[in-house]
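The values are calculated or read from the model by the stated rules, or taken from the named source; none is laboratory data. Predicted, not measured: the structure shown is a model, and the values here were computed from it. Glycine gets a Cβ as well: all are built from the backbone with ideal geometry, and neighbour counts include every protein chain shown.
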Amino acid sequence: MLLMPDHLHAMLTFPHDRPMKRVIRNFKSFIARNTNVVWQSGFFDHRLRSQEHQNETWHYIMSNPVRQNLCPPEHDWEYVWKPQ
């Protein structure tokens with residue numbers, strides 16, 4: 001997950017028995033209650049169908065702060081959470 005000043009990028013998996021829309025709604029509700037973040041309505045989803053596509057998407061996400069001139073290419077953006 002990568003937090004930008006005005007949006008969030010995340011690569012997520014969802015349980016088969018819960019609709020993505022409900023999971024995202026619950027996540028946004030939890031964050032809003034605990035941090036006073038005001039979310040835009042809706043979200044944009046994109047299905048990753050191959051490991052290559054997943055790698056390309058991860059690279060795109062991680063390059064986002066550099067493209068937005070928030071940090072130089074040789075530095076890591078500090079607002080990244082990588083699961084272990």
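Points worth noting:
- Within region 27-84, considering residues that are in contact with a helix residue (DSSP H, G or I) (Cβ under 6 Å, 6 or more places away or on another chain) and surrounded by 10 or more Cβ atoms within 10 Å (Cβ to Cβ), the one farthest from residue 10 (Cα to Cα): 71
- Output for region 43-57, where each listed residue is of a type outside the set (S, T, N, Q) and more than 15 Å from residue 6 (Cβ to Cβ): 45, 46, 47, 48, 49, 52, 53, 56
- Here residue 73 passes the criteria (1) part of a helix (DSSP H, G or I); (2) at pLDDT below 90 except the one numbered (1).
- Residue 33 falls short on exactly one of the conditions (1) touching a residue at least 40 places away in the same chain (Cβ under 8 Å); (2) assigned to a helix (DSSP H, G or I), and that condition is (1).
- Among the residues of region 1-60, those that are under 22 Å from residue 77 (Cα atoms) and hydroxyl-bearing (Ser, Thr, Tyr) comprise 35, 57, 60.
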